[in-house]
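The values are calculated or read from the model by the stated rules, or taken from the named source; none is laboratory data. Being a predicted model, the structure only gives us computed values, none of them experimental. Methodologically, a virtual Cβ is constructed for each residue, glycine included, from the backbone with ideal geometry; neighbour enumeration extends over all protein chains shown.
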Protein chains: 2
Amino acid sequence: MTAKRPDVSSTVSDLRRRVAAWRAAGERVALIPTMGALHEGHLSLVRLGRTRAHRTVTSIFVNPTQFAPTEDFNTYPRTFDDDLAKLATVGCDLVWAPTATEMYPDGFATRVVPAGAAEGLETDFRPHFFGGVATVCCKLFTQSGADFACFGEKDYQQLCVIRQMVRDLDLPLEILPGATIRESDGLAMSSRNRYLSANERSRAVVIHDVIRAVAEAARDGRHQAVIAEGTAKLSAAGFRTIDYVTVRDAETLKDWDRESGRPGRVLAAAWLGDTRLIDNVAV
Amino acid sequence: MTAKRPDVSSTVSDLRRRVAAWRAAGERVALIPTMGALHEGHLSLVRLGRTRAHRTVTSIFVNPTQFAPTEDFNTYPRTFDDDLAKLATVGCDLVWAPTATEMYPDGFATRVVPAGAAEGLETDFRPHFFGGVATVCCKLFTQSGADFACFGEKDYQQLCVIRQMVRDLDLPLEILPGATIRESDGLAMSSRNRYLSANERSRAVVIHDVIRAVAEAARDGRHQAVIAEGTAKLSAAGFRTIDYVTVRDAETLKDWDRESGRPGRVLAAAWLGDTRLIDNVAV
């Protein structure tokens, strides 16, 4: 027996018509923004949305504006049929799958430019990234009129940036964060993990081991020493470039002040072969 | 007999509670964004809103982010009591009057950056302007959840920029343009006209005379010659700096191609003493 596949909308007017019908019946709606290539992390966000809303909409859109010309837009995995089958198993009601032209018609020009939480970290290495993410997420929110939007903690800075945008622009929806889902060895699930060779895959979990050790050390204020050790450990495991391993304020993403009593977050990004991995854990 | 003054909201939560109550009763809502110092032009926009919506909300907020440090933020006329009395005469239901802190709380950082229609003209002379306008209008729209927003054609490029933003960001509301309201001699009404001395006021209408002559000439393709004559006429009338007198495509604001058959718009901006006047008319 196969679960019913979700319906697919590909125009804003069709999406709005369907959401309006739900709303007229008093139902609330959760949006799960994705770029497809779905894994258990995405499915957990659909389940999270269902705990708060009557209806879930998963958007599948590989957003060109958040890729630099040198990045993997053309090779990013596109597995639409498989995605629909997976979404059927978690009771997703609708897939919002606009074309690039529906999202960015001729003459499109307005940008949402985030700052605050968007400064530093990923922005130092992917300066185009959060502008693209903020603009497309703002559009996804206003297109769908969702009451909730679910984002994984795996992309922790992105979650902070989206929260800041929603607060700053008074967007009338609530952001629901979902815990990072990991493979059995601890590697954070990511659509890009499929780029890893078998040999790289066996070493990828070192990034998680390192940030856990930094978080443990941070409780006693020993994190700087453990960051240095961890960086060496990543290099020894074959990570060719380490973009950052750092402890930040969990909300503002500015430098963490342990004495303040505010929660900290350990964040890391590093390259294993041609694959850039990111991960984070709470202090 | 005095008409009932509109209620005043000063927090987003209070505004949303009131609008939600209207919505629950099946009523639609029009927003009229203003910076106060209301004149007949603003009041005509409230009347316009009432032709389409059951309820009208007039926002009064002198938005600091659309003024350059050299501009008139501190001296911009603030006439709140008088504004409420005028709004009572046209049946406005609610005034949305946030404080600067309610609009831009500590840590505010996200900007809406318009392009397309925002390029050139005003942006050449006030490069900060449309970024401030787009961001605050986006917020006013999402704060109020209005179905309609009314903007005067007096600020024609602003109207085009807002339309582009609404289209680009899929904001779920309709922009209603209102015709420019003029004094008996033809001068476009503006809150800044009160800066003019009696002597300046008597010459201010020359800007309207000039753009009407350019529009007339444009029908026969003779506008370049009449722009040159008009510029001389403005100088002779004592306009000290003429920022632009130009004919543009009425929608894109790019150069007007008369042969295309597309509608044109004559736009002008010029300084009379310390007051910058703008005006526009259809070809």
Boolean, A:Arg78 is assigned to a helix (DSSP H, G or I) and at pLDDT 95 or above: no
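To keep it simple, each residue is scored yes or no on (1) touching a residue at least 60 places away in the same chain (Cβ under 8 Å); (2) of a type in the set (A, V, I, L, M).
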| position | (1), (2) |
| --- | --- |
| B:Gly178 | yes, no |
| B:Glu183 | no, no |
| B:Leu196 | yes, yes |
| B:Ile211 | yes, yes |
| B:Ala225 | no, yes |
| B:Gly230 | no, no |
| B:Ser235 | no, no |
| B:Arg265 | yes, no |
Test: B:Arg50 is within 30 Å of B:Arg111 (Cα to Cα) and of a type outside the set (S, T, N, Q): no
Qualifying positions in region A:273-283 - in contact with a Lys or Arg (Cβ under 7 Å, 6 or more places away or on another chain) and outside any loop (DSSP other than H, G, I, E, B): A:Thr275, A:Asn280, A:Val281, A:Ala282
Residue in region A:214-227 that is more than 12 Å from chain B (Cβ to nearest Cβ), hydrophobic (A, V, I, L, M, F, W, C), farther than 25 Å from A:Cys92 by Cβ and surrounded by fewer than 19 Cβ atoms within 10 Å (Cβ to Cβ) present: yes
In region B:120-154, residue surrounded by the fewest Cβ atoms within 10 Å (Cβ to Cβ) [restricted to those that are more than 19 Å from B:Val57 (Cα to Cα) and hydrophobic (A, V, I, L, M, F, W, C)]: B:Phe125
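In this structure, is A:Leu31 more than 14 Å from every other protein chain (Cβ to nearest Cβ) and either over 28 Å from B:Arg167 (Cβ atoms) or within 18 Å of the chain's Cα centre (by Cα) (or both)? Don't jump to the end; show me each part of the working.
On the way: more than 14 Å from every other protein chain (Cβ to nearest Cβ): no; either over 28 Å from B:Arg167 (Cβ atoms) or within 18 Å of the chain's Cα centre (by Cα) (or both): yes.
Taking the combined requirement at face value, the residue does not satisfy it.
So, in region B:116-130, how many residues would count as being in a loop (DSSP other than H, G, I, E, B) and at pLDDT 95 or above? Walk me through how you get there before you give the answer.
Within region B:116-130, the first condition is being in a loop (DSSP other than H, G, I, E, B), and the residues that meet it are B:119-121, B:126-128.
Now restrict to residues that are at pLDDT 95 or above: B:119-121, B:126-127.
Residues in region B:116-130 being in a loop (DSSP other than H, G, I, E, B) and at pLDDT 95 or above: 5 in total.
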Pairs where the first residue, in region B:40-62, is assigned to a helix (DSSP H, G or I) and the second is of a type in the set (Phe, Trp, Tyr), C-beta under 8 Å, 6+ apart: B:Leu45/B:Phe151; B:Gly49/B:Phe148; B:Arg52/B:Phe148
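Could you identify the single residue in A:Arg182, A:Arg167 that is away from every other protein chain (no Cβ under 14 Å) and charged (D, E, K, R)?
Selected residue: A:Arg182, the only one of A:Arg182, A:Arg167 that is away from every other protein chain (no Cβ under 14 Å) and charged (D, E, K, R).
Just checking, which of A:Leu171, A:Leu159 is touching a Pro at 6+ places or on another chain (Cβ under 6 Å) and modelled with pLDDT of 95 or more?
Values: A:Leu171 fails: touching a Pro at 6+ places or on another chain (Cβ under 6 Å).
Criteria check complete, one pass: A:Leu159.
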Exclusive hit being within 14 Å of another protein chain (Cβ to nearest Cβ) and either acidic (Asp, Glu) or touching an Asp or Glu at 6+ places or on another chain (Cβ under 6 Å) (or both), set A:Asp81, A:Asp14, A:Asp7: A:Asp14
Count - residues of region B:6-61 that are at positive phi and either at pLDDT below 95 or surrounded by fewer than 21 Cβ atoms within 10 Å (Cβ to Cβ) (or both): 2
Every residue from region B:212-241 that is aliphatic (A, V, I, L, M) and touching a Phe, Trp or Tyr at 6+ places or on another chain (Cβ under 8 Å): B:Ala218
Failed item in (1) closer than 15 Å to B:Ile278 by Cβ; (2) touching a residue at least 60 places away in the same chain (Cβ under 8 Å), with B:Arg219 passing the rest: (1)
Conditions (1) more than 24 Å from A:Gly132 (Cα to Cα); (2) without any contact (Cβ under 8 Å) to a residue 40 or more places away in the chain: number failed by B:Arg126: (2)
A:Gly91 at pLDDT 95 or above, assigned to a loop (DSSP other than H, G, I, E, B) and of a type in the set (Gly, Ala, Ser): yes
Subset of region A:219-246 (residues that are small (Gly, Ala, Ser), over 25 Å from the mean Cα position of the chain (by Cα) and over 14 Å from A:Glu200 (Cα atoms)): A:Gly221, A:Ala225, A:Ala228, A:Ala232
Meets criteria (more than 10 Å from every other protein chain (Cβ to nearest Cβ), part of a helix (DSSP H, G or I) and surrounded by 23 or more Cβ atoms within 10 Å (Cβ to Cβ)) for B:Gln157: yes
Residue tally, condition within 14 Å of chain A (Cβ to nearest Cβ), crowded, with 18+ Cβ neighbours inside 10 Å, of a type in the set (A, V, I, L, M) and over 19 Å from the mean Cα position of the chain (by Cα), over region B:91-118: 1
Residue count for region B:135-154, restricted to those that are within 13 Å of chain A (Cβ to nearest Cβ), within 12 Å of the chain's Cα centre (by Cα) and either within 22 Å of B:Asp249 (Cα to Cα) or of a type in the set (S, T, N, Q) (or both): 0
